[in-house]
Amino acid sequence: MSIHIEAKQGEIADFVLLPGDPLRAKHIAETLLTDAVCYNNVRGMLGYTGLYNGKRVSVQGTGMGLPSHMIYATELINDYKVKTLVRIGTCGGLLQEVKLRDIILAISSSTDSAAVTRYFPGMTFAPTASFRLAQLASANALKMNMPLKAGNILSSDLFYHFPEEGDAYQLWRNYGTLAVEMESAGLYLLASRLGIEALSLLTVSDHLLTGEHVTAEERQFNFTNMTKLALSLAE
């Protein structure tokens, strides 16, 4: 048992999916896993362990933003000895070639968050995905006839910006940043520091150029392709 996760030792698998929304964790457990058991309900941040194609996997909600996400990732690694963490989340498209509902494989994650930069005063650290997981996800997506866009994303501390800031994301577009979300840079930082494998797979739920967006219900329940691709990485 850790501060924010009430599971006993052995109740969490070595491979864990990390959706931000705990209700998405519940939906995944109920629709894609067999013999799923809820191991956590502290603060309503649901976590489940079950089987997918005979492989034992867990799915743990993390909440929004680097601080919340990093709490759960840290406890899973340090207290439960989890070896592989795969974030499955939503993001906002930044480039014209990125379309609504595209799946993005985050090779690396830039950030404006002090949660990362505080460790590197006057320097820049590039939080990066596991090459093995990225390679496997790319190969599996090809087998599943599931197009991917891969590249750098932005993990931002801010969801809303003041109007006087203008286009807060144009600088990132200038450098080919595919999309913006709020967690992956923290996950990749922890993976690098604590010696585990991590990957972020993201579905574009809204677009910062076109103004398009999916419904809240679709965000919660209907991004099945991304989840099945993530589950295919369990070994």
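We did not get these values from a lab; they are worked out from the coordinates using the rules stated. Because the structure is predicted, anything quoted here is derived from the model rather than measured. Cβ placement follows ideal geometry from the backbone for every residue including glycine, while neighbour counts extend to all protein chains displayed.
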Taking Cα centroids, how far is the stretch 106-134 from the stretch 1-33 in Å?
-> 25 Å
Coarse-grained scattering of the stretch 1-141 at q = 0.08, 0.12, 0.21 Å⁻¹, given as base-10 log I(q)/I(0) from a Debye sum over alpha-carbon atoms | -0.24, -0.54, -1.42
Estimated FRET transfer efficiency when R0 is 41 angstrom, pair Asn78-Asp167 (beta carbons, to 0.05) | 0.55
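Helix-only mean residue ellipticity at 222 nm, the chain, DSSP H runs n ≥ 4 weighted -39,500 (n - 2.57), per residue, nearest 500. What is it?
Here the helix-only value at 222 nm equals -8500 deg cm²/dmol.
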Provide the gained length on full extension for the span Glu235 to Met1, in nm with one decimal, where the gain is 0.36 nm per separating residue minus the Cα-Cα distance.
-> 81.7 nm
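Restricting to DSSP loop positions (anything but H, G, I, E, B) with no more than 15 other Cβ atoms inside 10 Å of their own Cβ, which trypsin sites (Lys or Arg not before Pro) remain in the stretch 104-206?
Arg118
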May I have the count of lysine pairs in the chain with C-alpha atoms under 16 Å apart, counting pairs 8 or more residues apart or located on different chains?
-> 6
What does the stretch 71-140 give for Rg and for Dmax, in Å, if only its C-alpha atoms count?
-> 14.8, 42
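State the Kirkwood hydrodynamic radius of the stretch 173-235 in Å, one decimal place, computed from all pairs of distinct Cα atoms. Provide the component values of the computation, followed by the final result.
Numbers: mean 1/r = 0.0713 Å⁻¹.
After inverting the mean inverse Cα-Cα distance, the result is 14.0 Å.
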Taking the Cα-to-Cβ direction at Glu218 and at Thr117 and moving 7 Å from each Cα, how far apart do the two end points lie in nm?
-> 3.4 nm
Run the dipole for the chain about the Cα centre, Lys and Arg Cβ at +1, Asp and Glu Cβ at -1, nothing else charged, and hand back the magnitude in debye, nearest 20.
-> 720 debye
In Å and from the alpha-carbon atoms only, list the Rg and Dmax of the chain.
-> 16.8, 53
Report, in whole Å, the centroid distance computed from the Cα atoms of the stretch 52-91 and the stretch 175-209.
-> 13 Å
